[in-house]
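To keep things clear, I will list the structure first and then write my remarks on it.
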Amino acid sequence: MARKTRGRAIDGVILVDKPSGESSNRVLQQVKRIFYAQKAGHTGALDPLATGMLPVCLGESTKFAQFLLDADKSYRVVAELGIRTNTSDADGEVVEEKPVTISADDVNAALSQFRGAIKQVPSMFSALKHAGKPLYDYARRGITIEREARPVTIYELTVVAIDLPLVTLDVHCSKGTYIRSLVDDLGQVLGCGAYVKSLHRTAVGEYPATEMHSLESLQELVTSRVTPEDFSYQELDALLLPIDAPVTQLPQILVSQAIGHGFLHGQPIPAGATPVHADNREDSQAPLARIRIADSQQFVGVGERRENGEYWPKRVLTLPNAQ
């Protein structure tokens with residue numbers, strides 16, 4: 001006998017303002033319960049210490065979560081100089097303390113070498129995998145794994161305030177950047193050490209901070225719920241961004257209903273269809289494109305360009321849930 005699927009087949013993205021002290025997975029599970037969703041996934045974990053934007057994908061949107069994992073991120077970080085911890089943040093144990101004898105000018109000078117394309121060694125307390133296990137699992141057992149420096153890009157590194165030993169920075173960076181490692185490296189350059197005192201993610205991709213919702217505000221919308229099956233979710237669902245929210249940065253191809261339905265069944269978009277960006281700029285060589293049926297404006301998935309100019313299905317909606 002087939003097991004009955006519990007929850008609603010609800011699709012979309014909700015931007016959660018993650019509170020400090022909660023794991024990203026716990027926040028995800030709370031959001032899933034609030035929406036009574038069958039399926040949910042987050043798009044890049046934040047450390048328990050960190051707060052701020054955590055996009056949670058529901059239903060069909062989980063198929064496109066990888067695109068948000070690859071998106072640029074922005075943070076506001078408060079670094080405290082003179083102290084190093086084993087995790088490079090406030091949750092770790094202090095391993096070294098030094099007097100802070102530098103000036104604000106020294107901080108500004110040191111920051112210059114962290115802008116642009118740099119290489120960074122990931123923290124042992126990161127979620128990167130080694131032999132199938134996250135690095136933090138080894139770190140908690142006192143095991144150090146050799147890590148190679150990885151290329152990342154710091155697009156913007158702006159000083160908000162310097163009130164030594166505290167330094168507040170705004171960081172706009174590429175995927176794979178570890179703010180803890182950035183702060184620890186800065187402390188090493190300054191010669192006094194540093195750790196992350198607080199961290200707030202202000203943006204993921206092009207999503208603005210004004211679109212975030214706290215867990216408390218979401219929970220308030222279901223306080224009158226007695227049973228999850230017999231409840232009107234209209235007000236809650238109105239907060240969701242659309243299914244294709246994780247891929248709005250991709251150019252779009254509008255197709256006929258026949259071609260769109262063929263795409264859902266594994267057939268390519270014929271060569272000659274030109275992806276168009278949101279600014280109406282055409283891109284005949286775009287490697288990826290959103291596919292949408294022109295008449296209904298139904299999003300059907302993401303296509304990947306082949307050498308012959310066809311766009312083959314990379315990620316598609318499940319037909320019964322197509323909107």
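Excluding same-chain neighbours fewer than eight residues apart, the aspartates and glutamates reachable from LYS175 by a Cα-Cα span under 16 Å are ASP47, ASP70, ASP72, GLU156, GLU206. Note that the stretch 170-187 has calculated 3J(HN,Hα) couplings of 9, 10, 10, 9, 7, 4, x, 7, 9, 5, 4, 5, 4, 5, 5, 5, 4, x Hz, one per residue in order, obtained from phi through the Karplus relation 6.51 cos²θ - 1.76 cosθ + 1.60 (θ = phi - 60°); glycine and proline are x. Taking a ≥ b ≥ c as the square roots of the eigenvalues of the alpha carbon gyration tensor, the stretch 229-293 is oblate, as a/c is not under 1.5 and a/b does not beat b/c. With respect to the cross-link table entries LYS18/LYS73; LYS129/LYS314; LYS32/LYS197; LYS18/LYS39; LYS129/LYS197; LYS32/LYS133, which display a Cα-Cα separation exceeding 23 Å? Pairs exceeding the cut-off: LYS129/LYS314; LYS32/LYS197; LYS129/LYS197; LYS32/LYS133.
Among the protein heavy atoms of the stretch 35-192, carbon and sulfur supply 48% of the accessible surface, probe 1.4 Å, non-protein parts ignored. Atom-type composition of the exposed protein surface of the stretch 212-288 places 51 percent of the accessible area on carbon and sulfur (1.4 angstrom probe). Counting only protein heavy atoms and a 1.4 Å probe, the chain has 51 square angstrom of accessible area per residue.
Summing Lys and Arg as +1 and Asp and Glu as -1 over all other residues whose Cβ lies under 15 Å from the Cβ of PRO208 gives a net charge of -2. Taking a Cβ cut-off of under 15 Å around ILE34, the surrounding Lys, Arg, Asp and Glu residues balance to a net charge of +1, with basic ones at +1 and acidic ones at -1. Relative contact order of the chain: 19 percent, from C-alpha pairs under 8 Å at least 6 residues apart in sequence. Summing Cβ point charges (Lys, Arg +1; Asp, Glu -1) relative to the Cα centre of the chain gives a dipole of roughly 1200 debye. Packing order of peptides 23-30, 288-295, highest average first: 288-295, 23-30 (average count of other Cβ atoms within 10 Å over each peptide's residues).
The values are calculated or read from the model by the stated rules, or taken from the named source; none is laboratory data. For clarity, every value in this text was computed on a predicted model and none was experimentally measured. FYI the Cβ positions are ideal-geometry reconstructions off the backbone, even for glycines, and counts take in every protein chain you see. Side chains included, ligands, DNA and RNA excluded: accessible areas come from the protein's heavy atoms. Shrake-Rupley method; radii C 1.70, N 1.55, O 1.52, S 1.80 Å.
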